[in-house]
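Just so it is clear, none of the values below were taken in a lab; they were calculated from the coordinates. Because the structure is predicted, anything quoted here is derived from the model rather than measured. Every residue, glycine as well, gets a Cβ built from its backbone with ideal geometry; the counts of neighbours run over all protein chains shown.
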Amino acid sequence: MSAYLARRVAYAVLTFFGITIVTFTLIHSVPGDPVTFYIGQSGTHGVPPAILQAIRHEYHLDEPLLAQYGWWLRGVLTLDFGPSVIDHRPAMDRILEKLPNTFVLNFIAFALAALAGIPIGLWSASRSGHVFERGSSVVFFLLYSLPSFWVALLLMEFFAVRHTWFPLFGMTSDDYLLMSTTARIADRLQHMVLPALALTYAQLAFYARFTKAALTEVIHQDFITTARAKGVSGTAVMWRHAFRNALLPLVTLLGLTIPYLLSGSVIIETMFQWDGVGHLYLQSLLSRDYPTVLGLSVVTAVVTLFASVLSDVLYALADPRVRVEGKR
Amino acid sequence: MKLRESGSWREIWKRFRRSAIAMIALVYVVIVALVALFAPVIANTKPLLMRTASGFLFPSAHDFFGEKEGIERLPQGDVVLRAPIPHSPNEIDFNRRLGEPGPNHAFGTDDVGRDVLSRLVHGARVSLTVALLAAAIALLVGSFFGAIAGFYGGWVDWLVSRLIEIVLCFPFLFLVLGIVALFRPSIYTIVIALGITTWTDAARYVRGEIMRIRELEFAHAARASGARDARIIFRHLLPNALAPALVSANFSVAAAILTESALSFLGLGVPLPAPTWGGMLSVAELYIEYAWWLALYPGIAIFTTVAAFNVVGDRFREALDPRG
C-alpha cells in the first residue's frame, strides 16, 4: 500500500508542475505586452517609459522566460499571486474569502445528487432490460443534455418570478443585518435553494448513470453467473454479491465530480449572483485581472488534483486489486 | 481486409437501426444539419425568387457566401416566392419589441424586435459549425496521442497519460473560458479552446483499441512486409480503431454545443451580432419577467440537438458492442 501511495503522490507532484507550466505558458502566449497584466486594462498608452521599465523590473519581466517562470513558481508555492489589479489586495485573499461560499453550495449539491442519484442508478441496473429501466436510461440522457443555465432560468422563472417562493438572486436579503439569528439562517437557506437545485440536477443524472454502469459491469462477471448457477436467489445475488462490488468505483466519484461542480459554479454563481469563486473567476476574466485569474486556475486545478489523488487512494484501500494491477 | 471491414460496419448499422429512438435521434440530427446548411434560404428578409426585367433572380441564395452587413438594396421586380421565414436574423424593428408569438412571428420577437425563429435557424449554423469543428480537432488530436500511446506503450504511453491527467485537472469550463477570454472571443478561439480541452476522451478510446489490435495478425503482417511505424499506425491500425473514437466524437459534438451556448450565455461566446442560442438565452434572462418565449425556444433548440447527438452516440456504442 505504501508503495502505491508513494507512486501516486509522486505522479501528483509531477502533474502539479505540469499544471503550473500549462498555466504559465497560456498566460504568456496571450498577445500584448505582459506589463499590462500589472497595470490593468488601461494599457501602456501615456505611461512614461521609465515607469514601465520600473514595473518590468519589479515583476522580473526583463528577465529570460525561464527565470520568469521560476519567480512565478515561487509565488505559486508560497500562495502569493500578487496584488489584484481591481483593489490591489492580494489575489489569494480575494480567492480565500470566496472559497467557503462555493464550498457550501457545491457540498449541498454533491450530497443531494449522490443521495438521489446512486439509489436510482442501482435500482435501474438491477432491472436491466425491463421496460421501466429502458425508459429511465432515456430520461437520464435527456437530463444530461439540458443546459444548466437554461434549467436555472426556468427555475428562476417559475419559483422566483411566477411564484415568489424563493429569492431571484443574491446570498442574503437586503435587511439581513437587522434579522435575528434564526431568521438569518432561514434567509440564507432560502437563498441557497434555487442555485443548489440548479447545480444538483446535472450531477444527479451523472451519478445515476455512473452507478448503473458500475453495477452492470459487475453483473456480467463470472462470479455472478456462478452464484446464480449455484441457485442463489436473484435478490441475494444482487444484494450480497453485486451491490457490494459495484459500490467500489463510487469512491472515485468525488474526484470525478469536483471539476464538473466547479465548472457549473461559474455559470450558476454568476446567474444567481452568488459570491463564490466561479463568479469571481468570470469577473476577473472580464476585467483582465490576471493575478486573480492565475491564482484561481492554479487553486481549482490543485483542488481537483487533490481530490483525484484522495479518491484513488481510497479506492486502493477498498480494493486491493488496484494496488497490484498498478504495479505492472 | 477491406471486405471484413465493410461487413462489420454493415453489422453495426444493422444493430443501430433496430433502435427506434436511435433512428429518431439520427433523423433529427440530419434535420438540424440541413436547417443549419440552408439557413440563408430558410429565414431571410430577401425573397427566394424574383422576376425582374432581366430574368429570374435568387436574392437570398447570395447569402450562402457570407451575409452582407447593413441594408442592401433589392433589385426592382416582382417577388415570386418569399423565404419560408421572411425575416433575417438581424432585422431590427423597434415597433415590435418583445412581441408575443403570433401569425407574423411564430416564436415571437426579442428586445429589439428581431424574429426569434429566424435567429434560431441561423443559430443552428453557428452552433453546429463550432461544435463540428471542435469535435474534429478533438478527434484528430486525441487519435494522434491515443495511437502513439497505444502503439509504443512504455514511456510514450506514460507521457501521454500524464498529459491527459494535467488537462483533466483543470475544471473544463475554467480552462475554456480562460483561453477564450484571454485570446479575445471569436469562432476560431472557441473552436480551438474546445478542441484542445476535449481530446482526452478520444485519446483514451483509441489508445485502448490500438493496444488490443496491435498484436493481431494483420499488424504483424504489415510489420513483416517492412512498413515503417508511422505507416503501420496511421494506415493499418488507426482506421480499425476509429469506431470507438467516433462514438466519443458524437459526445464531443453534444458537449461542444452545450459549452458554446454556455460561453455565449456568459457573454464570452461568438461575438454579436451573430445569432447564437446561448446569446439568445442571455437576453431572455434580462426579460425573464415579461417574455417567456425568449427563454423557452432557444432552450428547447439546445436541449433537443444535444440530446439527439448524445442518443446517437450512445446507441452507436451499443451497436459496436452488443454484449454490454
(request) Report the residues of segment B:270-308 in range of a label on B:TYR188: point 7 Å along Cα→C-beta, backbone N strictly under 16 Å from it. (result) B:270-271
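Need one word for segment B:207-266: rounded, prolate or oblate. Basis is the Cα gyration tensor (sqrt eigenvalues a ≥ b ≥ c); a/c below 1.5 gives rounded, then a/b vs b/c decides. Kindly include the intermediate steps, with their values, before the conclusion.
Values: a/c = 5.32, a/b = 3.39, b/c = 1.57.
Since a/c reaches 1.5 and a/b is larger than b/c, the shape of segment B:207-266 is classed as prolate.
Taking a cut-off of 29 Å, what percent of all Cα-Cα pairs in chain A are separated by more than that? Don't skip to the end; give the middle numbers.
Details: 28965 of 53628 pairs.
Taking all Cα-Cα pairs of chain A, the fraction more than 29 Å apart is 54 percent.
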(message) Between B:ALA33 and B:LEU140, what is 0.36 nm times their sequence separation minus the Cα-Cα distance? Round to one decimal in nm.
(response) 36.4 nm
(message) Taking the Cα centroid of segment B:238-296 and of segment B:135-196, what is the distance between the two, rounded to the nearest whole Å?
(response) 19
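Taking GluC sites (Glu not before Pro) as candidate sites, keep only those in a DSSP loop with at most 14 other Cβ atoms within 10 Å, then name the longest stretch of chain B containing none of them.
Values: sites that count: B:GLU69, B:GLU72, B:GLU215, B:GLU289.
Within chain B, the longest run free of exposed GluC sites (Glu not before Pro) spans B:73-214.
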(message) To the nearest 20 Debye, how big is the dipole of segment B:70-215 about its Cα centre, given +1 on the beta carbon of each Lys and Arg and -1 on that of each Asp and Glu?
(response) 240
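Can you tell me what the convex hull of the Cα atoms of segment B:88-144 projects to on average, as an area in nm²? Show your work: numbers first, answer last.
Values: hull surface 17.7 nm².
Value for segment B:88-144: 4.4 nm².
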(request) Please name whichever of A:GLY70, A:PRO167, B:LEU128 sits farthest to the positive end of the charge dipole of the protein assembly as shown, dipole taken about the Cα centre and charges placed at Cβ: Lys and Arg +1, Asp and Glu -1. (result) B:LEU128
(request) Per DSSP H run of n ≥ 4, the term is -39500 (n - 2.57); total these for the protein assembly as shown, divide by its residue number, and report the mean residue ellipticity at 222 nm rounded to 500 deg cm²/dmol. (result) -22000 deg cm²/dmol
(message) Could you work out the relative contact order of chain B? I mean the mean sequence separation of Cα pairs under 8 Å and 6+ apart, divided by the number of residues, in percent.
(response) 20
(message) I'd like the orientation of helix A:253-271 relative to chain A: the angle between its Cα long axis and the longest Cα principal axis, in ° from 0 to 90, rounded to 10.
(response) 50
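Taking the Cα centre of segment A:187-328 as origin, work out the dipole magnitude from +1 charges on Lys and Arg Cβ and -1 charges on Asp and Glu Cβ, in debye rounded to 20. Mind showing how you got there, number by number?
Values: 12 positive and 9 negative charges, 151 e Å.
Rounded to the nearest 20 debye, it is 720 debye.
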(request) Compute the long axis of helix B:292-320 from its Cα atoms, compare it with the longest principal axis of the Cα atoms of chain B, and write down the angle in degrees, 0 to 90, nearest 10. (result) 20
(request) Please work out the Cα center distance from segment A:222-258 to segment A:264-280, rounded to the nearest Å. (result) 38
(message) In whole Hz and in residue order, list the ³J(HN,Hα) couplings for segment A:159-165 that follow from phi through the Karplus curve 6.51 cos²θ - 1.76 cosθ + 1.60, θ = phi - 60°; x for Gly and Pro.
(response) 8, 10, 9, 5, 10, 8, 7
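Cut-off is 10 Å between beta-carbons; in what order do B:LEU132, B:LEU34, A:LEU282 appear when sorted fewest neighbours first? Intermediate results must be reported in sequence, preceding the final value.
On the way: B:LEU132 18, B:LEU34 12, A:LEU282 23.
The order, fewest Cβ neighbours first, is B:LEU34, B:LEU132, A:LEU282.
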(message) Which one, B:ALA39, B:PRO185, B:SER143, is farthest towards the positive end of the dipole of chain B when Lys and Arg carry +1 and Asp and Glu -1 on their Cβ?
(response) B:SER143
(message) At R0 = 22 Å, how high is the FRET efficiency between B:ALA230 and A:ILE21 if r is their beta carbon distance? Nearest 0.05 is fine.
(response) 0.20
(request) If a/c stays under 1.5 just call it rounded; otherwise compare a/b with b/c (prolate if a/b is bigger, oblate if not). Do that for segment A:266-319, with a ≥ b ≥ c from the square roots of the Cα gyration tensor eigenvalues. (result) oblate
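What is the calculated FRET efficiency for A:TRP71 to A:THR172, with r their C-beta to C-beta distance and R₀ = 25 Å, to the nearest 0.05? The partial results should precede the final answer.
Working: r = 40 Å, r/R0 = 1.62.
Computed FRET efficiency for A:TRP71 and A:THR172 comes out at 0.05.
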(request) Just report the Cα centroid separation between segment A:52-131 and segment B:208-232, whole Å. (result) 43
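Viscosity 1.306 mPa s, temperature 10 °C: give me the Stokes-Einstein translational D for segment B:216-324 in µm²/s, with Rh taken as the Kirkwood radius over C-alpha pairs.
Translational D for this selection: 93 µm²/s.
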(message) What's the whole-number percent of alpha carbon pairs in segment A:123-226 lying beyond 17 angstrom?
(response) 65
(request) Sort B:MET50, A:MET179, A:MET156, A:MET1 so the one with the fewest other Cβ atoms within 10 Å of its own Cβ comes first. (result) A:MET1, A:MET179, B:MET50, A:MET156
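Report, in debye and to the nearest 20, how large the dipole of chain A comes out about its Cα centre when Lys and Arg carry +1 and Asp and Glu carry -1 on their Cβ.
Details: 23 positive and 21 negative charges, 336 e Å.
Dipole of chain A, to the nearest 20 debye: 1620 debye.
Quick check on the protein assembly as shown: what are the equivalent-ellipsoid semi-axes from the Cα gyration tensor, as sqrt(5λ), descending, whole Å?
Numbers: eigenvalues 311, 250, 176 Å².
So the equivalent ellipsoid measures 39, 35, 30 Å along its semi-axes.
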(message) Name the residue from A:ALA125, A:GLY264, B:LEU286 whose Cα lies farthest towards the positive end of the charge dipole of the protein assembly as shown, charges +1 on Cβ of Lys and Arg and -1 on Cβ of Asp and Glu.
(response) A:ALA125
(message) Please arrange B:PHE145, A:PHE223 by how many other C-beta atoms lie within 10 Å of their C-beta, fewest to most.
(response) A:PHE223, B:PHE145
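For B:HIS220 and A:TRP239, what is the calculated FRET efficiency with R₀ set at 35 Å and r taken between the beta-carbons, to the nearest 0.05?
0.15
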(message) Using each residue's phi in segment B:224-238, evaluate 6.51 cos²θ - 1.76 cosθ + 1.60 at θ = phi - 60° and report the 3J(HN,Hα) Karplus result to the nearest Hz, with x for Gly and Pro.
(response) 5, 7, x, 5, 6, 3, 4, 5, 4, 5, 8, 9, 9, 7, 4
(request) Quick one: angle between helix B:277-286 and the longest Cα principal axis of chain B, in degrees between 0 and 90, rounded to 10, please. (result) 50
